[in-house]
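Asks: I have a structure here, written as structure tokens, and I will follow up with some questions on it.
Bear in mind that the values in this text are calculations on the coordinates, not laboratory data. Keep in mind that what you see is a predicted model, and the values were worked out from it rather than measured. Note: ideal-geometry Cβ built from the backbone for every residue, glycine included; neighbour counts use all protein chains shown.
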Amino acid sequence: MTGAAAHSDGVAERTAHAPPLLRIHLLGGFRTERDDGARTVERWSRPGARTLVKLLAVTPGHQLHRERVMAVCWPNAELAPALRSLRVALHTARHALEPELAPRAASAYLIGDGALLRLAPDRVWIDTDHAESLAERALTTRSVPELTAALAAFTGDPLPDDPYAPWAEPCRERLTELRRRVRTALAAARLAEGDVAGAVRTARRALADAPADEGAHRVLIEAYLSQGLRGRAVRQYERCAAALENELGAGPGPRTRRLHRAALRAPEPAASGQPVEDEAGARADAARVRLAWAASLERSGRYGEAARTLREALASYERHGERDDCVLTAARLAEVLCRSATAEQARATLRRHAPASRTPALVTGTHHMACAMVGFYAGAYDEALTAARLAQEVSAAVPGAAGQALRARALAQQSICLSLAGDLDQAVALAGRALAPAEACGDPALLANVLSVLRENACRAGRLDDALAHGRRALTLAERAGRPTATAFERANLAELHLGRGEHAEAEQLARSAVELAEPFGVAALAFALVALARVRMHTDPPTAAALLDRAAECARDSDHHQASDEVERARGELADRLAGRGTGAG
């Protein structure tokens, strides 16, 4: 950087009057305001400028290297265009925050310090920092007034206007978890002070947001026991156990089990065994945290991080000889690996931790479903079909929502394999049978997957109206479940359906949005999105379509996804036919 550029983009000079405080709000939606009442821009002329300010606001320390900002805001741009975009975004952002800023004057809030960009720490207040500070202090004191004030500081969901932005995910997850901890701690503190009604009300609110929050379940069980409602306490324990098993593949910890025994009027175990139980409980709690974090990472498409977290949980279970937990965690790891690594790595994980004759039915069924998924990704459809049938058989012995979910997944996977093998009639029948248990289990992501299978079968049968109806519903559910890669996949498939109906504008819009959404994650979802966009461009810009298919082939190869590779080759054949037709004057 030249000296002149460093001066114009440098640290703000001290003036006689300190600038007014700038307040940045991220909770409930992005907005800015100043303590002096001066108006900041409401409608930003450039999205990159707004993203730049948000990115600095969510980053710990509120400073980033310029190259990192360019990589996030303009990931596909070459260096020179990215630098130009950054300069324009900086100018726009500074004048949005300070409309009165003179030309070439240094900003009081958004500062350039060599290669770093930062928000001035003494002049910028951020609501998420304020909420985190109150929450951490309240979780230390555990006082009802401080916990109440901390919970009130979470004035909305973090960054709701950026639901799929990878750069926003760490902040969103951290704040969501912190808010959950505060609410559960407040429920426990109210119960300790004798406010049973307030404790129950707060704990129920916590479970509405996080059904597997064991601490909130425990508050309710204790509250019911304090009122002599042992039957309600037992039923609450059963709901807790089902939620933990369904979401984390784990059971309640020692403290919750002791409350259950109290509700059943069962005797406590011998005192000599208590330290061992406490130690086992601490391990179980740590493993549950890892499993929950891995599930969150997987939902957001961060498969590499999810795999690392699951490996840590698996290693812990292996060290302590917890065989059933090893089988379950290995199955979850294998499903992530077949998306982010290779089918062989996934198969090796499953072979090391296969179920035994006494393994619980849900764990065994989960293992078989992982085998089915790995076979499907590898293009071994007979292998996948056999494993899915085994999972369906086992699901009959699994009660409740977990059994319904296993049955729906198994039937949907069989339908996919049979459809690819050309047995469309049986595929349609099995997908139809999967719909009821998918709706009954209450998992929007699973229901979206079943509807996606129904959409594909209807498309293969030439029923485009039915396919569109299923696809639109699947897209809505994938968006609601917060799964960006699944959302990108559904948008790509809807684009192709609109293209088949001759609706090119709708197809172009959906395909472009699918590529933009899948771009940060790569893997198979991006391959399918690129294929959809290439099919749209075949009609208007064949060279661009060819380049898109080249990129799609790389993504399919990197993700080791057999069906994605087949789809790329099929699209290349369509492009070749179209070009040949043009060359001979046909079409």
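Asks: Taking every Cα atom in region 117-276, find the radius of gyration and the maximum pairwise distance Dmax, and write them in Å.
Replies: 18.4, 62
Asks: What are the radius of gyration and Dmax of the chain, computed over its Cα atoms and given in Å?
Replies: 27.1, 89
Asks: Could you check the spin-label model distance between LEU139 and ALA77? Points 7 Å from the Cα along Cα→Cβ, value in nm.
Replies: So the label points at LEU139 and ALA77 sit 3.7 nm apart.
Asks: Need the C-alpha centroid separation for region 341-363 versus region 445-508, integer Å.
Replies: Cα centres, region 341-363 to region 445-508: 32 Å.
Asks: Mean shadow of region 131-189, computed from the convex hull of its alpha carbons, in nm²?
Replies: 3.7 nm²
Asks: PRE reach from ALA152 (point 7 Å along Cα→Cβ): which of region 184-214 fall under 17 Å by backbone N?
Replies: Only 186-187, 190, 202 pass the distance filter.
Asks: Applying 1/(1 + (r/R0)^6) with R0 = 41 Å to the Cβ-Cβ distance of ARG201 and ARG261, what FRET efficiency is obtained, to the nearest 0.05? Provide the component values of the computation, followed by the final result.
Replies: Details: r = 26 Å, r/R0 = 0.64.
After rounding, the FRET efficiency stands at 0.95.
Asks: Is it possible to state the helix-based mean residue ellipticity at 222 nm for the chain, with each DSSP H run of 4+ residues giving -39500 (n - 2.57), the sum divided by total residues, to the nearest 500 deg cm²/dmol? What is it? Show your work: numbers first, answer last.
Replies: On the way: 26 runs with 414 residues, N = 587.
Using -39500 (n - 2.57) per qualifying helix, the result is -23500 deg cm²/dmol.
Asks: Along Cα→Cβ, 7 Å out, is where each label goes; now give me the distance between the ones at ASP113 and GLU318 in nm to one decimal.
Replies: For the pair ASP113/GLU318, the computed spacing is 4.4 nm.
Asks: Something else: Quick one: Karplus J couplings for region 114-129, per residue in order, coefficients 6.51, -1.76, 1.60, θ = phi - 60°, nearest Hz, x for Gly and Pro?
Replies: Each residue's phi maps through the Karplus curve to give x, 7, 9, 10, 8, 8, 4, x, 8, 10, 10, 10, 10, 5, 5, 4 Hz.
Asks: Specify whether the C-alpha gyration tensor of region 403-499 places it in the rounded, prolate or oblate class, a ≥ b ≥ c being the square roots of the eigenvalues: rounded for a/c under 1.5, otherwise prolate if a/b is larger than b/c and oblate if not.
Replies: Cα axes put region 403-499 in the oblate bin.
Asks: Pull out a ≥ b ≥ c, the square roots of the eigenvalues of the alpha-carbon gyration tensor of region 79-167, then state rounded if a/c is under 1.5, prolate if not and a/b is larger than b/c, and oblate in the remaining case.
Replies: Note, shape of region 79-167 comes out prolate.
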